[in-house]
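Undergrad: Please see the structure below; I have some questions.
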Amino acid sequence: MATLFIADLHLQTEEPAITAGFLRFLAGTARDADALYILGDLFEAWIGDDDPNPLHHEIASAIKSLVDHGVPCFFIHGNRDFLLGKRFARQCGMTLLAEETVLELYGKRVLILHGDTLCTDDAGYQAFRAKVHQPWLQTLFLALPLFIRQRIAAKMRAGSKVANSSKSVAIMDVNPQAVIDVMEKHQVQHLIHGHTHRPDIHPLTANGEPAFRYVLGAWHSEGSMVKVTSDDIELLSLPF
Ligand code: LP5
Ligand code: MN
């Protein structure tokens, strides 16, 4: 049996092929899993559980039918969907997890997180993150009319694109010491995350022992998943 991890699907109405690929994954590959973990940025942007976008209902029903089939589903927030709340999670039948979560899987301790918190060299992003994670600001934002929230989110997305175009590739990657620190804090030799869209397996040393960092790819023309079994941890692509 296997436990599956995915992230960075960035689902949106404008990208129907990715939605179709995800729906096929939920109805196929995922059905044989012990559990499915979604490590953030499932959606391109989340502005509140009250958003009536039909895509959200379609995705909730598909995740719910996987859960009803007997595959528990878990979610960690990303930097695009950190406002995804309990109401939508309940519609999906999925459990919201803390931003750093340690799993015991087939005798291995595995740390999972979205990945944005490891990009500590990106001072502009970390300042932005600290602001938008303030509970009072989130409450205020969620109380705004939907069309205003849509406008603010669009401004933020546009601002992010402009900011990213002048940042170096290195600044937008994880900081190696931040990786070691979080793995030592949680006493783990395995870390799975997304966010950077640079799928790879990186060997390193943490806790004085060999360790591995598994980076999920974003879903564009194909999907990406990490599969943990009792024998192995693999990074696999999922042709649509
Ligand atoms: O997301 P991506 O891949 O473009 O880049 C990320 C970082 N950017 C972000 C911003 C998100 O894209 C915005 C999503 C909004 C959705 C929900 C709205 C909810 C609002 C809630 C309010 C309480 O995460 C980017 C990183 C990059 O990853 C790599 O790690 O570099 O960081 C930035 O671009 C931050 C910039 O450095 C500074 C922020 C620019 C935003 C401008 C805000 C303008 C707002 C106007 C509002 C009136
Ligand atoms: Mn992200």
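The values are calculated or read from the model by the stated rules, or taken from the named source; none is laboratory data. Please read these numbers as outputs of a predicted model, since none were measured by experiment. We place every Cβ from the backbone using ideal geometry, glycine too, and count neighbours over all the protein chains shown. We work out accessible area using only protein heavy atoms, side chains counted, and drop any ligands, DNA or RNA first. Shrake-Rupley method; radii C 1.70, N 1.55, O 1.52, S 1.80 Å.
Undergrad: Considering each residue of segment 54-80, count those that are under 23 Å from V228 (Cβ atoms) and within 16 Å of ligand 2 (Cβ to nearest atom), and give that number.
TA: Of the residues in that region, 4 qualify.
Undergrad: Let me ask something else about it. Could you list all residues from segment 225-240 that are open to solvent by 60 Å² or more (accessible area, probe 1.4 Å) and assigned to a loop (DSSP other than H, G, I, E, B)?
TA: S230, D231, D232, F240
Undergrad: Sort out for me the strands (runs of 3 or more DSSP E) sitting completely within segment 182-224 that have 3 or more residues that are under 18 Å from L105 (Cβ atoms).
TA: 190-193, 209-215
Undergrad: Also, I was wondering about something else. What's the number of the only condition in (1) more than 22 Å from I233 (Cα to Cα); (2) open to solvent by less than 50 Å² (accessible area, probe 1.4 Å); (3) not aliphatic (A, V, I, L, M) that R90 fails to meet?
TA: (2)
Undergrad: Do we find a residue being in contact (Cβ under 8 Å) with a residue 40 or more places away in the chain, under 24 Å from A30 (Cβ atoms) and β-branched (V, I, T) anywhere in segment 189-206?
TA: yes
Undergrad: Please indicate, with yes or no, whether at least one residue in segment 135-145 is at pLDDT 95 or above, touching a Leu at 6+ places or on another chain (Cβ under 8 Å) and more than 9 Å from ligand 1 (Cβ to nearest atom).
TA: no
Undergrad: With the requirement that a residue be closer than 29 Å to A206 by Cα and among the small types (G, A, S), what does segment 63-112 give you?
TA: G78, A98, G107
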